[in-house]
Every structure is written in structure tokens, then in C-alpha cells.
Amino acid sequence: MSVMSRWGKNVNLKHPLQEYPRMQLQRGSYTNLNGRWEYQICENGVVPSDSAWKPINVPFPLGSALSGSDEQLLPGKVLWYKKQFSYKPGEYHTHLNFEAVDQECIVYLNGIEVGRHIGGYDAFSIDISSYVKYQNALLVKCMDLSDSGEYAYGKQRIKHGGMWYTPMAGIWQTVWLEDVPLHGVDSLRITPNYDRGTVYFEMEGNFNHATITISAAGEMIYHETTASMRHEVQIDNVHAWTLDDPFLYDVYIETEDDIVKSYFGMRLFSCEKDSQGYPRFCLNHEPLFLSGVLDQGYTPEGNLTYPDDEMMVYDINKVKELGFNMIRKHVKVESRRWYYHADRLGMLVMQDMPNGGHPSKLTTLYLPHLNITSLSDVNRKHLGRSDEWDKKVYYDELDAMINQLYNVVSIFAWVPFNEGWGQFDSVKVTKHIQRMDLTRFVDSASGWHDQGAGDFYSRHVYFHTYRNPKNQKKRMAILSEFGGYSYLEKGHSLAKKLYGYKKFTDKIHLNSAIRQLYEDSIISNIPRGLTACVFTQLTDVEDECNGIMSADREVVKLDGKRIRNLNHRCMRRMKR
């Protein structure tokens, strides 16, 4: 069955997703390579055949409707990409940038290997200055083990169906070129300190000095040159970043021959106790009940790739319109532009690490629903990651995610493990994250197999009414997944039959059941310490029909006024 959103129908496949991808380190140099490429699938070790190339639309992953291919890359096979392009190299260094390639790749330019990368969710850059010419032949060799290997794969599964989705492979985010000056800014880490009214810059690059300029709403408020790679700036009359007023400061950094643009927001995430002693989430010291939605980030035509930048904006705006104030980006690292839109639109984000490992269904699916939810994760093979190499791979991909998203204003929490999937040593992993980032919270084990670490007591409850535990006053209590009520809009979603945790055949009963669910599991528990909830989920995804919206975003299944009122009641209940 074919389903396509309005954005998928209107996408220009010759020049898709042309927007600048790296909004927190922008340069004037930008050449987008998205569009028509060629591909073929070979046995590992076999050289591609000159006569076997077929067209594919990059950056849509292999197998997605917009890619133009219905093939699937299986373990042991190799996916080859080919792109011919013209380029006029300048006096600067030329970098070839990939926003994401799933899972492993080797890059060749004009017959020479120029770089390798492992990990399907993070961006990487290759200096091709010594190899780029006016006419160029680019080859990318991709391998993807999906859920049979050691790398993160999220909800993808070779044998997919139900709650598991079609595996993707290959290039699935923008490919682009830029010229980087000799004295360029290689990286920029920005840490705002709301209480002190300062912002701290950590820069890397081959330059002797940098001039930092900060502007607020177009008015310059700071301009100074420093020879240090570490520089702290005092911000007078701080304009706070809030959900209703997501104010962003612009930053310009100029070196001997480079100028980059970035931005930051002045905000603080803290945990503070209320009059009853319950720990509460606070934004800029103001208590805030977090009412969120689970977002898998899937589209019917692009799989994990949005067909258009405006579709990302639509999703975030729809969440806000329905009265939610938080999105849990579920076991996926989104494109960097998605986080930029969350920052500028004022949407809090809880960021998951994509699932990996090979746990047994007993420990991740069956035992938790018998209320066996606290198995030890130290040397626990049944949770799916006991091999030391697998653990190293996890840390590598975790660090890449945190480093890539560190400057995002809207992210308030990291989620290293979901429902025990590939979970190991979560106490150590939590401490590792906290050493990397002192500005955000950690939901150490979302769902179950909690080891007492992190900032949240985090539960997933789908099949009975949630009750906040008595005297849970050490950590913030979050119902990090609930709902999952399903209703199929035929012709608007990819499922052929209804799949979900509770099934409905008409919208009236669906809306009534969700209202009662919020009354019983959320609103009644807020005075007992519940500080956040995450409703499953934003959209239908393949066989899952439990979205607030249909997969193509054309149908909103829930009554907008009713869900807004429920969310407003949650937030008012918090303030009492």
C-alpha cells in the first residue's frame, strides 16, 4: 500500500533538502550534493559492475519510496553509491560532509580512499583537498548489519512488523561540500550559565586569535578579540529562553581568514523540591510539568528521512498546538535542522540513544509486564550487550551523539537505555554522561531495569492504571511512555490491520478513553509527585496505528480542543 504526505508529493527529487544542515557552525561556503545518484548492491568483496548501476535519490535511504528503490540491504552484502560532480576548488581546504550514513562506510574520491566512518546516526567530515578536481567521481561503499550487528539500529529490524520497522541502509541525510580556511574554526562548544549570566565558549582550530561578536535581536551586545580557545562572556540583562519566548542570541566568530555563525539560548534545567518535598523539573527555576509525546521521526515516504524541511516544522508546531511542551525523540538521532527548529520554536526535547544489542524477549518484553522490572544490568547477557567490544561500540556512538548535540538549546535530558534493550552497567554509563555534560539530566533506564541511577524514576505503563509510588522523593518521577491507543485511518497509514496496545474502531471512544487515561494516570498523580509524562505517540509508523496523527499527517485523530485542555490542566495542577 502506497501512502505519501503532501511534502513527499511535492518534493523536488532533483534537488531535495537544500537547506544548510549545520546551523550551529555555519559558513558562507556550501555546495549541496543531494539529488540523483547511482547505486548497486554486490556481494562483499565483489567490484561493482559498470553495467549494473541504477538511479537512486539521495538522501533518501535505500528501500524508501522517495529513494526510488525497493531493495533491502542484507548482512553480508555491500551497497555502493556513485556520484559524478563538478567543483571549482579554491585556495582553502575542501571538506566533504555526510550528515548520516547507516551503518559503516568507506569513501573514495577519484579512485582513492579518502575516509571511513562507523555509526549510522552521527555526521562526519572528510578533508578532500588533496584529491578534489574540477570533475570528480565519488564512490561510497556501505555495509549495514541492521539488528544482527553490534552497532545502534533503533527500531529497525530485518524481520520487521508490528512494533519493529523496515530497516534502512546507506545515505539518509544531506551530503555537502564546503571550503574551510586554513585558520578555520573546527568545532565550537557553547555552555550557557543562566544563574551567573555568562556563556562559555570552547573553540578548536588552527588559528591564533578569534573575534567573538554576540547580538541580541539584531543589536550587538558584545565584541572582543581573544587569543584563548576558552572564553567566557558576561551577558547583561539576560533574555531567557522559554517555551513561550524561545529567544536565541546570534554568535559570530572571526579568525584570521574564517567567519562562522552560531547561536545559543540562556536557559537552566534544574530539579527543585516543592512544598511537599517532591522533586520537580524547573526551567529557569520555574516549576514546569512536562507533558510530552513520543516521536519516532518516521515518514511514510522517506523512512527515517523527512522529505522536506517544512515537514519537520509542521510536526513540532502541531505538538505545540495540541498543548504539549516536550518531545521525546525516540531511539533516533534526528537531523541537525530538526533540533534547530525545536530551539527556535520553543519545544523541549528528551533525547534517546538509539537501541542496540541483542536482548532476549523474556527480559525486555515479557517479564516487565509481569512487574519484574528491576533485573541487574551488570554482566547480564539476557539484556543483550555483555561483550566488551559491543560495550566499546556503544560508548563510541553515545559520545558521538552527545558531542554532536551538546549545543542544542532545547535538549534537557539524555536517555542512554530504553526498556533494557542492550542495557549494561547503567550506573557507570550515567556517570560517564554526567562527566560529559553537567547541564542536563539523565534518564538512566527508561521503562524498566532501573538501577537507581540518574535523575528520574522512569516507568512505562501501558496495560494498567499508573500509580506514582509513595515517598518517591529522591528522583523526579516520569511516566516516560503510556497510551499506545490505536485507531486506523485507512488510506492514510501504511498498516494493513490495526496494531497497538488497545484498539478502537471509532474516534469518539478513542478520545473518551484517552481523556479517562489522563484523568486516572496523569492528573491524579501530579500531586503525588509525577513531574512528567510521555504519550505514545505522535504519528502512526508502519504497522503501529497509535499515533495522534496518521502517518501522512493529514488526519489528527484526537480532538484538538480536548487534548489541549487536558495538557493545560496538567500544567495548572503542577502549580498548585
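The values are calculated or read from the model by the stated rules, or taken from the named source; none is laboratory data. Since the model is a prediction, treat every value here as computed from it, not as a measurement. Here the Cβ positions follow ideal geometry from the backbone for every residue, glycine too, while neighbour counts run over all protein chains shown. In case anyone asks, the SASA skips ligands and DNA or RNA and just uses the protein heavy atoms, side chains included. Shrake-Rupley method; radii C 1.70, N 1.55, O 1.52, S 1.80 Å.
Considering only residues that are open to solvent by less than 20 Å² (accessible area, probe 1.4 Å) and within 22 Å of the chain's Cα centre (by Cα), look in segment 19-38 and name the one that is nearest to Y263 (Cα to Cα). That would be L25.
Filter segment 146-167 down to residues that are assigned to a loop (DSSP other than H, G, I, E, B) and among the small types (G, A, S) and give me whichever is farthest from G500 (Cα to Cα). Only one residue tops the list, namely G149.
From the list R573, R553, pick out the single residue that is open to solvent by 30 Å² or more (accessible area, probe 1.4 Å) and touching a residue at least 24 places away in the same chain (Cβ under 8 Å).
Values: R553 fails: open to solvent by 30 Å² or more (accessible area, probe 1.4 Å).
Of R573, R553, the one residue that is open to solvent by 30 Å² or more (accessible area, probe 1.4 Å) and touching a residue at least 24 places away in the same chain (Cβ under 8 Å) is R573.
Pairing each residue of segment 168-185 that is over 24 Å from G154 (Cβ atoms) with any residue that is among the charged types (D, E, K, R) and part of a loop (DSSP other than H, G, I, E, B), provided the two are 6+ apart or on different chains, yields C-beta distances under 6 Å for E178/R27; P181/D257; P181/D258; H183/E256; H183/D257; H183/D258; G184/D258; V185/D258.
For segment 454-467, a residue qualifies if it is assigned to a loop (DSSP other than H, G, I, E, B) and surrounded by fewer than 21 Cβ atoms within 10 Å (Cβ to Cβ), and the qualifying residues are Y462, F463, H464, T465, Y466, R467.
Rundown of residues vs (1) aromatic (F, W, Y); (2) open to solvent by 30 Å² or more (accessible area, probe 1.4 Å), yes/no style:
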site	(1), (2)
L13	no, yes
A52	no, yes
L66	no, no
Y87	yes, no
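In segment 197-277, counting only strands (runs of 3 or more DSSP E) that sit wholly within it, the ones holding 1 or more residues that are aliphatic (A, V, I, L, M), in contact (Cβ under 8 Å) with a residue 12 or more places away in the chain and under 22 Å from Y406 (Cβ atoms) span 198-205, 210-216, 230-234, 249-254, 259-264.
Using the structure shown, decide if E301 is touching a residue at least 40 places away in the same chain (Cβ under 8 Å) and part of a helix (DSSP H, G or I). Break it down stepwise before answering.
Numbers: touching a residue at least 40 places away in the same chain (Cβ under 8 Å): yes; part of a helix (DSSP H, G or I): no.
Taking the combined requirement at face value, the residue does not satisfy it.
Looking across segment 353-372 at every residue that is of a type outside the set (S, T, N, Q) and in a helix (DSSP H, G or I), the one that is farthest from the chain's Cα centre (by Cα) is identified as L370. Candidates are the residues of segment 391-442 that are farther than 14 Å from A152 by Cβ and among the acidic types (D, E); the one that is least open to solvent (accessible area, probe 1.4 Å) is D437.
Suppose we filter segment 331-352 for residues that are open to solvent by less than 10 Å² (accessible area, probe 1.4 Å) and either part of a loop (DSSP other than H, G, I, E, B) or under 27 Å from S2 (Cβ atoms) (or both); how many remain? Residues meeting the conditions: 7.
Can you name every residue in segment 353-390 that is of a type in the set (D, E, K, R) and open to solvent by less than 70 Å² (accessible area, probe 1.4 Å)?
Kept after step one, since they are of a type in the set (D, E, K, R), are these residues of segment 353-390: 361, 377, 380-381, 385, 387-388, 390.
Listed by number, the residues that qualify are D377, R385, D390.
Please verify whether K141 is assigned to a loop (DSSP other than H, G, I, E, B) and open to solvent by 20 Å² or more (accessible area, probe 1.4 Å), treating the condition exactly as stated. When the stated conditions are applied, K141 does not pass them. Scanning segment 313-359 for residues that are in contact with a His (Cβ under 7 Å, 6 or more places away or on another chain) and at pLDDT 95 or above gives V313, I316, G323, D352. Criterion applied to I253, I259 was being over 16 Å from P21 (Cβ atoms), among the β-branched types (V, I, T) and open to solvent by 10 Å² or more (accessible area, probe 1.4 Å), and the one residue passing it is I259. Against the definition (without any contact (Cβ under 8 Å) to a residue 12 or more places away in the chain, closer than 23 Å to H358 by Cβ and not hydroxyl-bearing (S, T, Y)), how does K428 come out, yes or no? So K428 fits the description; yes.
Of the set (1) open to solvent by less than 60 Å² (accessible area, probe 1.4 Å); (2) modelled with pLDDT under 95; (3) farther than 25 Å from D257 by Cα, all apply to D70 but (1). From the list A477, A495, A513, the lone residue that is at pLDDT 95 or above and not in a helix (DSSP H, G or I) is A477.
Of the residues making up segment 168-189, those that are open to solvent by 10 Å² or more (accessible area, probe 1.4 Å), in a strand (DSSP E or B) and more than 23 Å from G90 (Cα to Cα) are L188, R189.
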